[in-house]
Amino acid sequence: MRTNSLGAWTDAIRDTFVALDIRPDDSGRFTGTVRTRRLAHLMAADVLATSQTFDRTGRLTSRQPLDLMQIGMVVAGEGELIQDGRTCTLKPGDFAIYESARPFTWQLRPDWHLRVFTWPRESIPLSETRSQELTARTVRADSAVGQLLSPLLSGLLIHDRDVSSGGAIRLADEIAELAITAALEESDPGDPDSRALEFRETILRYIDAHLDDAELTPQQIAQAFFISPRTLHRLFARFGETVAATIRLRRLRACREAMLSPQNAHWPLTDIASRFAFADLAVFSRAFKSRYGVSPSRYRELNR
């Protein structure tokens, strides 16, 4: 979509992202373009326009609430992002996290190109308190994590190849986790949190490898890593998470991926649920609907 009308542009941005107050630097030479691509619950967008400021005010968050986690990556021009009491400046290749449930401001100049990546907030296993520590922090294109993630983010819009339903879900989840890792690194690379994050990632890999084990509990995980259950719980609490909720979320994700895999097309939902340690189909169905908004059978039907 391309337009020279500020009214049409305001409507397009609201319909694509969230409601924003938009102030162009020069309304006489205004122009804007937006193009989107969806991968499961992740929406990627290319946005190009002339100099302007976007405000997500407290009034807008109250009157038109929408809870999203977003990444803005500058491709051309320069951006300044303000949220949660911080201001960061982004040059081409740099990116930062922000959230739509709280006020933010983007200032983008001169003629600019921004790539925006958007997830429903409920799909991100991060507490609001923790997320407020990570927003509006510049992840530099030449940083250790930025060198890996910036090309990956760009590739989502540069390469328009089909991805399977299961692959798209995994990609959307894993990119979100990488972005959170990048923001944690930038919050203070020398902070003990970086070591805690590394240990947490090791534990998450262990959890993923044992999702089919009905005996997987915080106590069993703590024993496997020769730490106390209390230490394990404190580690996850540092990232606004609980161990039990993390296990359940990752089991639900695994079930969702299995449901969408063509090779499991004839598997009953009962078998898929029990494969990942949901012994009771009713419990699985309630947990799935609470997380994804529809029942497992309806989700499968919609994604066939």
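Results, tabulated for the structure shown:
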quantity	calculated
Residues ALA76 and THR202, FRET efficiency given R0 of 41 Å [Cβ-Cβ distance, rounded to 0.05]	0.60
For a label point 7 Å along the Cα-to-beta-carbon line of ASP162, residues of the stretch 22-48 with backbone N under 16 Å	38-40
Per residue value of the accessible surface for the chain (all protein chains in place, 1.4 Å probe), Å²	47 Å²
Square roots of 5 times each gyration tensor eigenvalue, C-alpha, the stretch 1-85, largest first, Å	19, 17, 14
Long-range HN-HN contacts of ALA76 with modeled amide H, under 5 Å	HIS113
Largest-first ellipsoid semi-axes for the stretch 244-303, taking √(5λ) over the Cα gyration tensor eigenvalues, angstrom	16, 13, 11
Percent of Cα-Cα distances greater than 23 Å, calculated over the stretch 76-189	28 percent
Separation of the PHE225 and GLU301 label points, Cα + 7 Å toward Cβ, nm	4.1 nm
Where a label projected 7 Å from the Cα of ASP280 along Cα→Cβ would reach, residues of the stretch 234-250 with amide N under 20 Å	244-250
Solvent-accessible area, 1.4 Å probe, carbon plus sulfur percent, for the stretch 52-193	52 percent
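The values are calculated or read from the model by the stated rules, or taken from the named source; none is laboratory data. What you see is a predicted model; the values in this text were computed from it and never measured. For neighbour counting, all protein chains shown are included, and Cβ atoms are generated from backbone atoms with ideal geometry for every residue, glycine included. Ligands, DNA and RNA are excluded from the accessible area calculation, which covers all protein heavy atoms including side chains. Shrake-Rupley method; radii C 1.70, N 1.55, O 1.52, S 1.80 Å.
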